Amino acid sequence: MQKQGLAMTFNTSISNTACKPQKLVIFIPTFLSVVFVIGFALSALSLYTFWFRFKKWKPGMTIQFNLALSDISIAPAAPFMIAYFSMANHWPFGQFLCQLKVFLLFIHMYGSIYFLTLVSVHRYVTVVRLTEHSIFKNQRHVKHICIGIWIFLCINALPFFFVLKTSETNNVTQCLRIHQTEMSTVYFTWTMVILFPGFIIPFGISVTCYILLGAYIVKMDSSLSRRKAMKVKSMAMIAVSLVTFLICCLPVQVSRLVAVIVKHLYPEATCQLLYKIENIYYIAIVLANVNCCLDPLLYWFSSRKFQVAFKGTLSLFRCQFKQLNLNAGNSIAAERSTA
């Protein structure tokens, strides 16, 4: 009886190494497509506003520009991700593009976390420590910090080009999937290594800064209109930042942690359980990309000047779009008249 039980466990474990790729519910690629289009448009408009409508940047604006840059960094990989999710997790694009996708996904995800943390620290320093000297109030130092974050991100993401590989299961090519048994040790090790420096520590710093900031502005005398505006602006930024962390960052970190633990430490887990965990993880990845839509709210609430400049950018592109339509209509009318 014991031998039979061991045999069943062994057979289940073997079957788990070759779980057939499942077709994801249409919601996942569809929602990712909508998020990508809206997020890309908002991030591109924000970058245009920062770059072309402000001659002189303050430290806060420099951080926000880099946050927008990290948001839009996923753009080259998003179409491949949507196609991958739509084709029953079959990756026909080759190993290099798989590695590039994971590289950009890492840059996008952790770049957002680090720059959101930097936003929280900067906001705390400029409001609560207004009279004190700090490197976060110096434009040159903030620029160097942002460059340092980009270098750190690239160094941590580069190993994927040397370690990560696509694999074949049931004649289906896989890229960054829980069912890649030969990669389970790599995924488990990397997840455990990056968990604290990549999420827990930055999230803890952000929450601490926003708790201290919230406690300070609650006690602030808001009788003056200027202080009242600062209070409203700070509360809005706290709300947007925490919502972004809770919706876009926390689910993907937790679901990935559960996935790698189950796959690596419990090889007897059934394919059905792995499928459920995988679906939750993919939904979390889609939610992680929602930050491209939420972060522009952070820029909007942070500065009245950005609101005016962003409205100007929208008006400019609206006028250009109308002009293009008008020119196209005139060209069609001219072709018909000559015909």
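Taking segment 212-309 and the helices (runs of 4 or more DSSP H) fully enclosed by it, the elements with 3 or more residues that are among the polar types (S, T, N, Q) are at 225-244.
Out of all the residues in segment 123-148, which are surrounded by 13 or more Cβ atoms within 10 Å (Cβ to Cβ), among the charged types (D, E, K, R) and assigned to a helix (DSSP H, G or I)? Result: 123, 137, 143. Every listed requirement among (1) under 26 Å from residue 61 (Cβ atoms); (2) within 22 Å of the chain's Cα centre (by Cα) is met by residue 161 save one, (1).
Taking segment 55-74 as the range and being of a type in the set (S, T, N, Q) and under 11 Å from the mean Cα position of the chain (by Cα) as the test, the residues that pass are 70, 73.
Quick one: which residue in 129, 140 is over 23 Å from the mean Cα position of the chain (by Cα), over 30 Å from residue 279 (Cβ atoms), of a type in the set (Lys, Arg) and at pLDDT 90 or above?
Within the list 129, 140, the selection yields 140.
Screening residue 169 against (1) modelled with pLDDT of 85 or more; (2) surrounded by 15 or more Cβ atoms within 10 Å (Cβ to Cβ) leaves a single unmet condition, (1).
What single numbered condition from (1) over 23 Å from residue 68 (Cβ atoms); (2) touching a helix residue (DSSP H, G or I) at 6+ places or on another chain (Cβ under 9 Å) fails to hold for residue 182? Just one mismatch for residue 182, condition (2). Within segment 176-201, the set of residues being in a loop (DSSP other than H, G, I, E, B) and at pLDDT 85 or above is empty. When segment 256-298 is examined, which residues are found to be surrounded by fewer than 20 Cβ atoms within 10 Å (Cβ to Cβ) and of a type in the set (S, T, N, Q)? Within segment 256-298, 270, 272, 279 meet the criteria.
Taken over segment 176-215, the residue count meeting the criterion of being in contact (Cβ under 8 Å) with a residue 60 or more places away in the chain and loosely packed, with under 13 Cβ neighbours inside 10 Å is 1. For segment 70-91, the set of residues classified as assigned to a helix (DSSP H, G or I) and β-branched (Val, Ile, Thr) consists of 72, 82, listed by residue number.
When the residues of segment 153-166 are filtered to those that are aromatic (Phe, Trp, Tyr) and in contact (Cβ under 8 Å) with a residue 12 or more places away in the chain, the one that is surrounded by the fewest Cβ atoms within 10 Å (Cβ to Cβ) is 161. When every residue of segment 92-102 is checked against the conditions, none turns out to be outside any loop (DSSP other than H, G, I, E, B), touching a His at 6+ places or on another chain (Cβ under 9 Å) and surrounded by 22 or more Cβ atoms within 10 Å (Cβ to Cβ). Residue 244 meets the conditions (1) surrounded by fewer than 17 Cβ atoms within 10 Å (Cβ to Cβ); (2) among the hydroxyl-bearing types (Ser, Thr, Tyr); (3) at pLDDT 85 or above; (4) more than 30 Å from residue 92 (Cβ to Cβ) in every case but one. The failed one is (1).
Just so you know, in segment 10-69 the residues that are of a type in the set (Val, Ile, Thr), part of a helix (DSSP H, G or I) and surrounded by fewer than 19 Cβ atoms within 10 Å (Cβ to Cβ) include one that is modelled with the lowest pLDDT, and it is 12.
The values are calculated or read from the model by the stated rules, or taken from the named source; none is laboratory data. What you see is a predicted model, and the numbers here were worked out from it, not measured in a lab. Counting neighbours? That spans all protein chains shown, and the Cβs are built from the backbone with ideal geometry, glycine included.
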